[in-house]
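Structure first, commentary second.
Only the coordinates and a few stated rules stand behind these numbers; no lab work does. This structure is a prediction, so every number in the text was calculated from the model and none was measured. Ideal geometry is used to build each Cβ from the backbone, glycine not excepted, and the neighbour counts take in all protein chains shown.
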Amino acid sequence: MQLKIEPRLETPRWLPIVSIILALILALMIGAIPLAYGGLDPIVAYTQMFRTGFFETYSFSDTIVKATPLILAGLGVTIAFRMRLWNIGAEGQLFLGAWAATGVALFWLPPTTPKVVMLAAMTLAGFAAGAVWGAIPGVLKAKLGVNEIISSLMLTYVAVEFNNYFVYGPWAAGGFGLTAPFPRTAWFPRLTDFGDIVPAFRGLTAHLGILYGIIAAVILFIIFKYSKWGYELKVIGDNPDAARYAGMNLARTIILTMIVSGGLAGLAGMSEVAGVVHRLQENFSPGYGFTAIIVAWLARLNPLAVIVVGYLFGGLLVGGDAIQPAGIPLLIQGIILFCVISADTFTRYRIRLVQPAATTALTEETVTSEG
Amino acid sequence: MKNSPYALEMQGVPYALEMRGITKRFPGVLANDNVNFAVKRGEIHALLGENGAGKSTLMNMVNGLYRPDEGQILLDGKSIKFSSPRDAIDNGVGMVHQHFMLVPTQTVSENLILGQKTPRFYINYKKLEQDIADLSQKFGLAVEPNAKIWQLSVGEQQRVEILKMLYQGAKLLIMDEPTAVLTPQEVTDLFKTLREMTATGHTIIFISHKLDEVVEIADRVTVLRRGRVESTVDGKSTSKAELARLMVGREVLFRIQKKPANPTAAALVIDHVSCENDRGLPSLRDLSLTVRSGEVVGIAGVAGNGQTELAQVIAGLRQATSGAVIVQGQNVTNQPATATIDQGLAYIPADRNGVGSSPNLNLADNLILKSYRQPPIGQGWRIDLRLVRAQAEQLIEQFDVKTPNVDLPARLLSGGNLQKLILAREISRQPKVIIAVYPVRGLDVGAIESIHQMLIDERDRGAGILLISEDLDELLSLSDRIVVLFEGQIVGEVPPDDDLINEIGLMMAGTKVEQSHAT
Amino acid sequence: MELAFLINIIEAGLRTGTPLLFATLGELITERAGVLNLGVEGMMLVGALAGFAVAYGTGNPWIGVLVAMLAGGVISLLHAFVSITLRGDQVVSGLALTFVGTGLTSVLGAPYVQVRDVPRLPVLPVPFLYDIPLIGPSILWPLFGEKQNVIFFIGLLLVPAVWFWIERTRPGLQLRAIGEKPAAADAVGVNVGALRYFYVFVGGLFAGLAGASLSLAITPLWINEMTAGQGWIAVGLVIFAGWNPWRALMGAYIFGALRRLPLDLQAIAWLPFASNPILGVWLNMIPYLFTILALVFSSREAIRKRLGAPAALGIPYVRGERGA
């Protein structure tokens, strides 16, 4: 028997979803191996992980807290990947967003600034800083043809050092890689802040950032589906030569897309410091910007699906905190990504076992002729 | 059938190649249906058929690229089963593909030894180049051993392909549409080479859909139609008309019916334009040309003499280094492509999949590539999706694009249907000027006829058409006048007269001809 | 003094550039075969840990190096399977490989974080360099003769070997062909898929060697994510090198020196970095910023000279598909 891979002429609607679910299950099964190596019973570990992530009293709120930066950064990655612009530097853009928001909260606006003004300024600053950080690889790509994969990633390392300079240097307060805490006016409202009105919200830390995520997802969905810009993204991503032929301005679209992509990642960083950490510190992100890549890919670059997948991964992170050693979540994320790319093959191609004698060469012939 | 394919074998002489009951299916297509086919040793056997008739598929099975679903292949009387082109080469079968299988960045010598077993490890380039020079001398196929493939003309590249097969010891040589890219003079040279090869015991299968050359070169002709063998006839005693009837199944019109042109004002003016090609070398050199509304101007020339660059400069996809391009009185030189689109310029690019369409987008999305910006499709920031769909369904109906629905990705359309889709998009905008580059390359007769008719209809509506083609028949049939492009310059202009084909050929090879025929 | 300082920087560049050289050469070979593997960072980490653990366990650094190479090669096959057999997206698959390598080594490496006494690859003194008149004692000896690790010399030998393989041998001819025009290679019977697997594996071997040379020679320790982006810099260097091994050598040594530069600059008394250590953070950005600069430079050059990546880079080969 031999493997035969041939293209599908049409993909059933259910197939992508089923294939992703199967890929996730397979990834968890493979992930059981390192868990067992680490001396954990995989079933116990996974049960605990899912319980902590999804089924306990505070699970929903805690998971939303972790999902918020994943969704925002994941949307940033989504828009870039849509046009096959490989912005893998969301982590750095996220750091810059957090940095700018911190600058506004601690140094630019007085603590007495009204909350609405303060948060609006932080939001703008966070978006703008992330956008600038995203625009650099965008401009380099559009104007000079510099590979954006490398440049966006290199800028992530630079952003981390940049952040280190401020938290250890001019903005340091009380020692080790921390700034002073934000004034309360710079805090995102959280559910627990309304505990007096709705007692059930007491102790819940989900914050305004998730609304940012949902609104951004809906806006992106509308852009992708109904707008000229969304159409241009689609064409440029599929065939840049056809886009040029249609008169589209590739350089401008690339830069604009990287600005929005970086800006969304910057919002993720801003929302993290305004909603969770309430200060800037050295390692405030456990690699949200990288996990966002997996979130985006798993969501098949569909912004609404990013919300669902972001929530799922938020739960894995919450539950994963319970699992030691710390590398396990990253490892499982990598395995998930591999399984999902493999699953993509099954949605694009039909794979059959055939008798070698009848094997034909792999071809992607057209429907009606050999033309 | 006129000859039994088994007749010779019964006399005890095995065929060089014999195929019995070959069937080959692709998803959704029956490419070959119970094909019986036999080639005698030392003959030139033409395999004639329309595009899509199954010629290439059939030969790719002899070449080891595909395997038959049913049937038997015999080489010199021995049954064989090739699982890769390597097997075919080892058994003396070589195929020269329509798209050359050469590595552009490597030298002639390197390409020749790529599939060889020797040298096993270290390549002594000095010795190798001497060997190749000797070999090319021996077969009378002149090539420069250390030239890079991308530096060679198409004709030279073809010589390298043939040489490669001979170097690998091919006894049976399959040539897939070898003349499609050659000048008439190069075709003459090729035919001479082929005859010399049969004289030294080689057998040649000559795949073609051109009747003239088949009648000229073939000892015997097998005609394929829709994957089946129609007949095998003697090349010397057959006629073009007979072959055409066998090939298409009906009488064919050799020339499209059209009224005399009625040219009016200048629609497209190219004024002393120069530009560079992708490698930064001069391409167009001070080229001037005017296309008037209501006429078809054909551009003849061997590929690589500036055709692509000319079309791109006009369409705003390549910078002109000097000169001006004027569409409908508006200077659009080095303006963004949108400027020419807005001036009513339609461009049918040579590369349907790579440039003219977005392969993974559906047909509806492909149809608005040029019109999404402006009303009625583009409304402010958004696109009117309902109108997109309605318009797509209407255009697909009107232009006879065969597809289950408008949600099909464009890459799944056959070449002919994809080209109709592109024409539907371009023509539906009522263009003033149409640039058509190789518009029917690789299409079957039915599609060719309807696309040619669309172009002529557009001419009669009043569009000025610039037709760039490497097929002289197409140029002679459609054009109202023909200019010849050589090394980025226009070397002459002739009326579309069949008797001038040799003159055009000479000009394509660079000979300046007195412009006595200029209209 | 001036000369000594310069020599110091260059010597350090040669030393710390060596892992980068291996990683760059490996990726270069893989890319010449038409496969983009962005998992270099992950493969290097796998090699670094495998080499470290085995050298520690067996007491023999050379066994460590061998196992490191094999480990890098084996993990690279994940990418080969997804990108060649399954025709998956090579960018995302390479990212996944980096995630897996980073996560895996952080899980498996936990017991080795505290280990300090790993057997190291030896320094290989070359005494005769000292005896060369004039430039011997002051230049050649401190640069190459005194404290260069044996791994440095292996790197020096590998460059001509890789160049010779690619440019002067039949396997190299096939390697170039499957990266430029796989259909042409396939048509004359070269097994494109198998060869691409092989060269992805070779890239993995090199990345594993790069990792081991870090953990067994340059910084003989195991630390989580000790490669600190060098795998990514290697991917950038392949572009900078224009897919040419000799230019990869140059690039790797320059970037080796740049990695060391922060330390060297902080030692200079009259620069502000010496008195204010926090400013050193800015110096840490140097290698990353220079990677971007190098890409800007090489892309300008590529446009000018019309050089480019192997034509089939990143495109899965499917027999019979147009344009393949």
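Please state the shape class of chain B: rounded when a/c is under 1.5, otherwise prolate if a/b exceeds b/c and oblate if not, all from the C-alpha gyration tensor. It is prolate, given that a/c is not under 1.5 and a/b is the larger ratio.
Take A:183-194, A:153-164 and order them by the average number of nearby Cβ atoms within 10 Å per residue, most first; the result is A:153-164, A:183-194.
All other residues whose Cβ lies under 9 angstrom from that of B:Leu30 are scored, Lys and Arg at +1 and Asp and Glu at -1, for a net of +2. Remark: B:Ile205, A:Ile351, C:Ile10, C:Ile84 ranked as A:Ile351, C:Ile10, C:Ile84, B:Ile205, counting other beta-carbon atoms within 10 Å and listing the fewest first.
Counting, for every residue in B:458-470, the Cβ atoms of other protein chains within 10 Å of its Cβ and taking the mean gives 0. Inter-chain Cβ neighbour count for B:107-113, averaged per residue, equals 2 (cutoff 10 Å, partner chain atoms only). Cβ-Cβ distance of B:Gln335 and A:Leu22, R₀ of 56 Å, FRET efficiency by 1/(1 + (r/R0)^6): the value works out to about 0.60.
Peptide B:356-365 has a mean shielding of 4, counted as Cβ atoms of other protein chains within 10 Å of each residue's Cβ.
Residues A:Phe182, C:Phe5, C:Phe81, C:Phe290, ranked from the fewest to the most other C-beta atoms within 10 Å, line up as C:Phe5, C:Phe81, C:Phe290, A:Phe182.
Indicate the gyration tensor shape class of chain A (rounded, prolate or oblate), computed on the Cα atoms with a ≥ b ≥ c the square roots of the eigenvalues: a/c under 1.5 is rounded; otherwise a/b larger than b/c is prolate and the rest oblate.
Oblate.
Excluding same-chain neighbours fewer than eight residues apart, the aspartates and glutamates reachable from C:Lys147 by a Cα-Cα span under 15 Å are C:Glu11.
Each part reduced to its alpha carbon centroid, segment C:103-163 and segment A:39-110 end up 42 Å apart.
Axis of helix C:245-266 versus longest Cα principal axis of chain C: the two differ by about 40°, to the nearest ten degrees.
For B:Arg459, C:Arg319, B:Arg25, which order do you get if you count the other beta carbons within 10 Å of each Cβ and list the fewest first?
By the 10 Å Cβ count, ascending, the order reads B:Arg25, C:Arg319, B:Arg459.
Between B:Ser322 and B:Asn34, the distance separating the two model label sites (each 7 Å from Cα on the Cα→Cβ line) works out to 6.8 nm. With R₀ set to 45 Å, the beta-carbon distance separating B:Ile501 from B:Gln394 gives a calculated FRET efficiency near 0.60. Of all beta bridges that DSSP places with both ends in chain A, some 100 percent have antiparallel geometry.
Taking each of B:Lys55/B:Lys210; B:Lys126/B:Lys192; A:Lys143/C:Lys181 in turn, the alpha-carbon distance tops 25 angstrom for B:Lys126/B:Lys192; A:Lys143/C:Lys181. Packing-based ranking of C:239-246, B:80-87 yields C:239-246, B:80-87, ordered from highest to lowest mean Cβ neighbour count within 10 Å. Listed by chain and number, the lysines whose alpha-carbon sits under 24 Å from that of B:Lys127, ignoring those within fewer than 8 places in the same chain, are B:Lys117, B:Lys138, B:Lys148, B:Lys164. Let a ≥ b ≥ c be the square roots of the eigenvalues of the Cα gyration tensor of segment B:292-338; is it rounded (a/c under 1.5), or, if not, prolate (a/b larger than b/c) or oblate? Note, shape of segment B:292-338 comes out oblate. Computed packing ranks the peptides C:37-50, C:114-127, C:62-75 as C:37-50, C:62-75, C:114-127, most packed first, by mean other Cβ atoms within 10 Å. Database remark: amide H of A:Leu204 closer than 5 angstrom to the amide H of A:Thr192 (H placed geometrically; neighbours at sequence offset of 5 or more, or on other chains; Pro and chain starts carry no H).
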